[in-house]
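One structure is given below, encoded as structure tokens.
The values are calculated or read from the model by the stated rules, or taken from the named source; none is laboratory data. In this text the structure is predicted, and so the values were computed from the model without any measurement. Cβ placement follows ideal geometry from the backbone for every residue including glycine, while neighbour counts extend to all protein chains displayed.
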Amino acid sequence: MTASDGAPPDDRPLVPPPAAFEGRVTPTADDRASFDADWPDAWATAADALDWTAGYDRVLATDADGGPPFEWFQGGELNACANCVDRHLDERGDAVALEWNGHLGESRTYTYRELHAEVNAVAAGLRDLGVNEDDVVTTYLPAVPAVVVTMLACARLGAVHNVVFAGFSADALATRMERADSRYLVTSDGYYRRGEAVDQRRRADNATMSLSYDLDATVVVDRLGTDPDVDREGRYAYDDLVAANADATVDPVSRAATDPLFRIYTSGTTGEPKSVTHTTGGYLAQVAWSTERVLDVTADTTVWSTADPGWITGHSYGVYGPLALGATTVLTEWSPDAVDRDRPWALVEDLDVEVFYTAPTVVRSFAKWGAEYPDRHDLSSLRVLGSVGEPFDAETWAWYFEHVGGGDCPVVDTWWQTETGAVLLSTLPGVDGAKPGSVGRALAGVAVSVRDGAGDPVGPGVRGWLAVDRPWPAMARELATGTAWGERVAVESEALDDADAPSDEDAGADAGAGAGASWWYRVGDEATVDEAGYVTVLGRADDVVNVDGRRFSTGEIEHALVEVDGVAEAAVIARDDPDSGNALVAYVTTDDDRTDVSTLRDALDDAVAAAIGAGARLDQVVFTPDLPKTRSGKIMRRLLEDIANGESYGDTSALRNPEVVGELEARHDD
Ligand code: PRX
């Protein structure tokens, strides 16, 4: 999805780091220069902040040409759980590791010692159930402590966790288990959503029944106080597992730096969920390093990253980063934009939250609610505010800075992806001036460029594809091994202001065209870069859209729509939306001229909810006799986007059926 208004003007003054922040920042000013002078070896500073059971031989191993496969910290061995829990026990055993706040207002605090005990108990329990190194354990849990504990217990055993968002449908869970060959599931009897109890057990059962194999074990967390039904074979209560292993200790399993720590699924440009694997050494090192540098977290910091653990942000900045540093992480079962308007600020006040990290869509809700809510709380504990997930417009940025940060907290807009594992672009708090509306510069050790369709870098202010030009430690294993999904980025050639923009046929694979020094990763976003290296991300340029900070593939939604009886074809696009960033609009053609499409609308909503989960909502469905197509039969989504956004569109002569345009405009306003 492309913002058509392009980049903000580049002569905007930088907002300097607030004076109150000076002297409180981690020492980062020289990082970029020293990393450039000593790349890739400078990344040793990140690795050396971790505890290794075997030292690594090389910071980065490559092929003879400097290309993939990339192996970060080759030869090194470590355990992620030991790094996030055990190593803090001596000095910080009684410090708080996890503060949990539940949907009904319950709270639970885990010190590092308590976290260590429960993680060991669950690791012992899982091991008794048969979980071995490299087995994939899926969790399908709301944001309760058990999800964090299970992640760490898996890491302790060298098992690979596969966290699936609780709001996903049974179908979505089944696909994510089957494709990972996951034979263990940790789920719950249910959870709360907007005050209502949701039955999770039936969905989990439906998913596991549809697998092509039997599960070895299902562990059920009692969230609603209903019967966990654990008398059935292969089903165990989480609480029983913990109680039975209360005093157990499990030695952390040494893992190679390149061994997988977890899998996570995200949306790719195809209809299929895209599996992303993160490694133990490179991922943990860069995540811990960036948590410290970008969010200014140290061992005494309380950080609240509001993302659900089911997303990469929850993994990196809710769990692994803060815990690797010995900090306190806050986990809420609720999203701050879907509760009583005072509640987020009451929590900040209550827990003395210092670092608050959320998505622009959440801040837009806050701004809509009004400043009176943050204003009537004491938010003086806040020190750094972060944003991630979608372009952060300058107006909302300013509101966040003023009303949440009180004008003295740096606001860092961080750009990254599930595939990158850690933040790659951001301003550094206390070091870099901010340019609201732009993300910031590449962090130390990271190199990015904006390229045209032929892969050549473009000049300042020129729109093109954002690319990462060097490997980085937290890169997904699929990228590092050069087996990067083989996806081809489909984009209408007019998407880029460049005569050489790719046609559908010649678009390169999304990981670097050539080998060796020419390796680069095209991330799927469109962007501009200014003279100072500040990148303005304009949005996705492929068939991936972000709605409410969640990532969807238009292909997977279209796939669900055409399965509905009576639907012939469907095209899904994102329309600019002041609240959610983007709203999904579906253009649908029917098999015959049914006039009563009202019943179809419900069926379409149900199909999307069943395939993807309740979060993926169609904002508008436009029924149309035809979809605009090129002569080669490809649906022109860009034209649909322009129509949906009420924008002028260019030449339609490439269309096989130009008459459809007037028809679409008329129907759009219905
Ligand atoms: O389009 C970019 C957008 O989110 C995409 C990555 O989505 P996901 O893998 O779900 O990870 C989100 C959390 C890391 C990117 O390709 N995106 C992420 N951060 C920003 C952003 N767009 C603009 N500004 C950002 N700061």
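Tell me yes or no: at least one residue of segment 636-652 is under 30 Å from Arg203 (Cα atoms), part of a loop (DSSP other than H, G, I, E, B), in contact with a strand residue (DSSP E or B) (Cβ under 7 Å, 6 or more places away or on another chain) and modelled with pLDDT under 90. Even if it seems obvious, please write down each step before you answer.
Residues of segment 636-652 that are under 30 Å from Arg203 (Cα atoms), as a first pass: none.
The answer is no; no qualifying residue exists.
Exactly one condition in (1) in a helix (DSSP H, G or I); (2) over 19 Å from the mean Cα position of the chain (by Cα) is false for Ala172; which is it?
(2)
Are any of the residues in segment 589-603 more than 16 Å from the ligand (Cβ to nearest atom), among the acidic types (Asp, Glu) and under 25 Å from Arg203 (Cβ atoms)? Walk me through how you get there before you give the answer.
Step one: filter segment 589-603 for residues more than 16 Å from the ligand (Cβ to nearest atom), giving 589-603.
Remaining after also requiring among the acidic types (Asp, Glu): 591-593, 596, 602.
Still in the list and also under 25 Å from Arg203 (Cβ atoms): 602.
Scanning segment 589-603 turns up at least one residue that is more than 16 Å from the ligand (Cβ to nearest atom), among the acidic types (Asp, Glu) and under 25 Å from Arg203 (Cβ atoms).
Kindly evaluate Val219 against the criterion of being within 30 Å of Asp340 (Cα to Cα), of a type outside the set (Ser, Thr, Tyr) and buried (at least 23 other Cβ atoms within 10 Å of the Cβ).
Working: within 30 Å of Asp340 (Cα to Cα): no; of a type outside the set (Ser, Thr, Tyr): yes; buried (at least 23 other Cβ atoms within 10 Å of the Cβ): yes.
No; evaluated as a whole, the condition is false for this residue.
Return yes or no: is Ala603 part of a helix (DSSP H, G or I), loosely packed, with under 13 Cβ neighbours inside 10 Å and either in contact (Cβ under 8 Å) with a residue 40 or more places away in the chain or small (Gly, Ala, Ser) (or both)? Spell out the reasoning first.
Working: part of a helix (DSSP H, G or I): yes; loosely packed, with under 13 Cβ neighbours inside 10 Å: no; either in contact (Cβ under 8 Å) with a residue 40 or more places away in the chain or small (Gly, Ala, Ser) (or both): yes.
No.
Being under 26 Å from Thr536 (Cα atoms) and surrounded by fewer than 24 Cβ atoms within 10 Å (Cβ to Cβ) is the requirement here; does Ala288 meet it? Reasoning before the result, please.
Working: under 26 Å from Thr536 (Cα atoms): yes; surrounded by fewer than 24 Cβ atoms within 10 Å (Cβ to Cβ): no.
Here the answer is no, as Ala288 does not meet what is asked.
Hey, can you tell me all the residues within segment 426-463 that are over 25 Å from the mean Cα position of the chain (by Cα) and either outside any loop (DSSP other than H, G, I, E, B) or within 14 Å of the ligand (Cβ to nearest atom) (or both)?
From segment 426-463, those over 25 Å from the mean Cα position of the chain (by Cα) are 430-431, 433, 452-462; that's our starting set.
Hit for segment 426-463 is Pro457, nothing else.
When you scan segment 376-404, how many residues do you find that are part of a loop (DSSP other than H, G, I, E, B) and under 26 Å from Ala444 (Cα atoms)? So that I can check it myself, show each step before the final result.
Residues of segment 376-404 part of a loop (DSSP other than H, G, I, E, B): 376-383, 389-393.
Filter once more, keeping what is under 26 Å from Ala444 (Cα atoms): 382-383, 389-393.
Summing the residues that are part of a loop (DSSP other than H, G, I, E, B) and under 26 Å from Ala444 (Cα atoms) in segment 376-404 gives 7.
Which ones in segment 368-396 are of a type in the set (Ser, Thr, Tyr) and either within 24 Å of the chain's Cα centre (by Cα) or within 15 Å of the ligand (Cβ to nearest atom) (or both)? If you could, list the steps in order and put the result at the bottom.
Of the residues in segment 368-396, the ones of a type in the set (Ser, Thr, Tyr) are 373, 380-381, 387, 396.
Passing the criteria: Ser387, Thr396.
Are any of the residues in segment 177-186 among the hydroxyl-bearing types (Ser, Thr, Tyr) and modelled with pLDDT of 95 or more? Even if it seems obvious, please write down each step before you answer.
Let us first name the residues in segment 177-186 that are among the hydroxyl-bearing types (Ser, Thr, Tyr), namely 182, 184.
Okay, now just the ones that are also modelled with pLDDT of 95 or more, so 182, 184.
The answer is yes, given that some residue of segment 177-186 is among the hydroxyl-bearing types (Ser, Thr, Tyr) and modelled with pLDDT of 95 or more.
At pLDDT 90 or above, within 16 Å of the ligand (Cβ to nearest atom) and either buried (at least 21 other Cβ atoms within 10 Å of the Cβ) or part of a loop (DSSP other than H, G, I, E, B) (or both), is that true of Trp472?
Numbers: at pLDDT 90 or above: yes; within 16 Å of the ligand (Cβ to nearest atom): yes; either buried (at least 21 other Cβ atoms within 10 Å of the Cβ) or part of a loop (DSSP other than H, G, I, E, B) (or both): yes.
Taking the combined requirement at face value, the residue satisfies it.
Looking only at residues that are surrounded by fewer than 22 Cβ atoms within 10 Å (Cβ to Cβ) and of a type in the set (A, V, I, L, M, F, W, C) in segment 548-566, which one is nearest to Arg638 (Cα to Cα)?
Top of the filtered list is Val562.
List every residue pair whose Cβ atoms lie under 6 Å apart, where the two residues are 6 or more positions apart in sequence or sit on different chains, the first residue falls within segment 41-67 and is farther than 16 Å from Tyr283 by Cβ, and the second residue, located anywhere, is assigned to a strand (DSSP E or B) and among the acidic types (Asp, Glu).
What qualifies is Thr53/Glu77; Ala54/Glu77; Ala61/Glu71.
Please verify whether Trp399 is at pLDDT below 95, more than 14 Å from the ligand (Cβ to nearest atom) and closer than 25 Å to Asp340 by Cβ, treating the condition exactly as stated. Even if it seems obvious, please write down each step before you answer.
Values: at pLDDT below 95: no; more than 14 Å from the ligand (Cβ to nearest atom): yes; closer than 25 Å to Asp340 by Cβ: yes.
When the stated conditions are applied, Trp399 does not pass them.
Which residue out of Ala207, Ala180, Ala197 is assigned to a strand (DSSP E or B) and farther than 16 Å from Leu241 by Cα? Let's see the steps before the verdict.
Numbers: Ala207 fails: assigned to a strand (DSSP E or B); Ala180 fails: assigned to a strand (DSSP E or B).
The unique qualifying residue is Ala197.
Only one of these is closer than 19 Å to Ala560 by Cβ, within 29 Å of the chain's Cα centre (by Cα) and surrounded by fewer than 20 Cβ atoms within 10 Å (Cβ to Cβ): Ala610, Ala586. Name it. Talk me through it step by step, then tell me what you get.
Values: Ala586 fails: surrounded by fewer than 20 Cβ atoms within 10 Å (Cβ to Cβ).
Within the list Ala610, Ala586, the selection yields Ala610.
Examine segment 588-605 for a residue that is closer than 30 Å to Met475 by Cβ and not assigned by TED's automatic domain parsing to the domain that holds Gly314, and state whether such a residue exists. Break it down into steps so the answer makes sense when it comes.
Just the residues of segment 588-605 that are closer than 30 Å to Met475 by Cβ, to begin with: none.
No, there is no match, as no residue in segment 588-605 is closer than 30 Å to Met475 by Cβ and not assigned by TED's automatic domain parsing to the domain that holds Gly314.
Only one of these is free of Cβ contacts under 8 Å to residues at least 12 places away in the same chain and surrounded by fewer than 19 Cβ atoms within 10 Å (Cβ to Cβ): Gly105, Gly93, Gly75. Name it.
Details: Gly93 fails: free of Cβ contacts under 8 Å to residues at least 12 places away in the same chain; Gly75 fails: free of Cβ contacts under 8 Å to residues at least 12 places away in the same chain.
Of the residues listed, the single one that is free of Cβ contacts under 8 Å to residues at least 12 places away in the same chain and surrounded by fewer than 19 Cβ atoms within 10 Å (Cβ to Cβ) is Gly105.
Within segment 255-269, identify whether any single residue is crowded, with 21+ Cβ neighbours inside 10 Å, at pLDDT 95 or above and in contact with a Cys (Cβ under 8 Å, 6 or more places away or on another chain), and answer yes or no.
Yes: segment 255-269 contains one or more residues that are crowded, with 21+ Cβ neighbours inside 10 Å, at pLDDT 95 or above and in contact with a Cys (Cβ under 8 Å, 6 or more places away or on another chain).
Looking only at strands (runs of 3 or more DSSP E) that fall completely inside segment 531-585, which ones have 3 or more residues that are away from the ligand (no atom under 13 Å from the Cβ) and over 19 Å from Val388 (Cα atoms)?
567-577
Only one of these conditions is not met by Thr420: (1) within 19 Å of Pro18 (Cβ to Cβ); (2) hydroxyl-bearing (Ser, Thr, Tyr); (3) at pLDDT 95 or above; (4) crowded, with 16+ Cβ neighbours inside 10 Å. Which number is it?
With (1) within 19 Å of Pro18 (Cβ to Cβ); (2) hydroxyl-bearing (Ser, Thr, Tyr); (3) at pLDDT 95 or above; (4) crowded, with 16+ Cβ neighbours inside 10 Å applied to Thr420, the lone miss is (1).
Six or more apart or on different chains, Cβ atoms under 7 Å: show the pairs whose first residue is in segment 407-426 and in the same structural domain as Phe356 (by TED's automatic domain parsing) and of a type in the set (A, V, I, L, M) and whose second is within 9 Å of the ligand (Cβ to nearest atom) and in a loop (DSSP other than H, G, I, E, B).
Taking only residues 6 or more apart or on different chains, the pairs are Ala422/Trp416; Val423/Trp416; Leu424/Trp416; Leu425/Val439.
So, of the residues in segment 403-425 that are more than 24 Å from Asp576 (Cβ to Cβ) and of a type in the set (D, E, K, R), which turns out to be nearest to the ligand (Cβ to nearest atom)?
Step by step, filter segment 403-425, then rank; the result is Glu419.
Applying the selection to segment 205-226, what residues are of a type in the set (A, V, I, L, M, F, W, C) and farther than 18 Å from Val137 by Cα?
Within segment 205-226, just Leu224 meets the criteria.
Looking at segment 514-525, which of its residues are more than 9 Å from the ligand (Cβ to nearest atom) and either at pLDDT 85 or above or under 21 Å from Ser275 (Cα atoms) (or both)? Steps first, please.
Here is the first cut: in segment 514-525, the residues more than 9 Å from the ligand (Cβ to nearest atom) are 514-522.
Residues satisfying the conditions are Trp519, Trp520, Tyr521, Arg522.
Does Thr630 satisfy the condition of being out of contact with any helix residue (DSSP H, G or I) (no Cβ under 9 Å at 6 or more places or on another chain) and surrounded by 15 or more Cβ atoms within 10 Å (Cβ to Cβ)?
Details: out of contact with any helix residue (DSSP H, G or I) (no Cβ under 9 Å at 6 or more places or on another chain): yes; surrounded by 15 or more Cβ atoms within 10 Å (Cβ to Cβ): yes.
Against the criterion (out of contact with any helix residue (DSSP H, G or I) (no Cβ under 9 Å at 6 or more places or on another chain) and surrounded by 15 or more Cβ atoms within 10 Å (Cβ to Cβ)), Thr630 qualifies.
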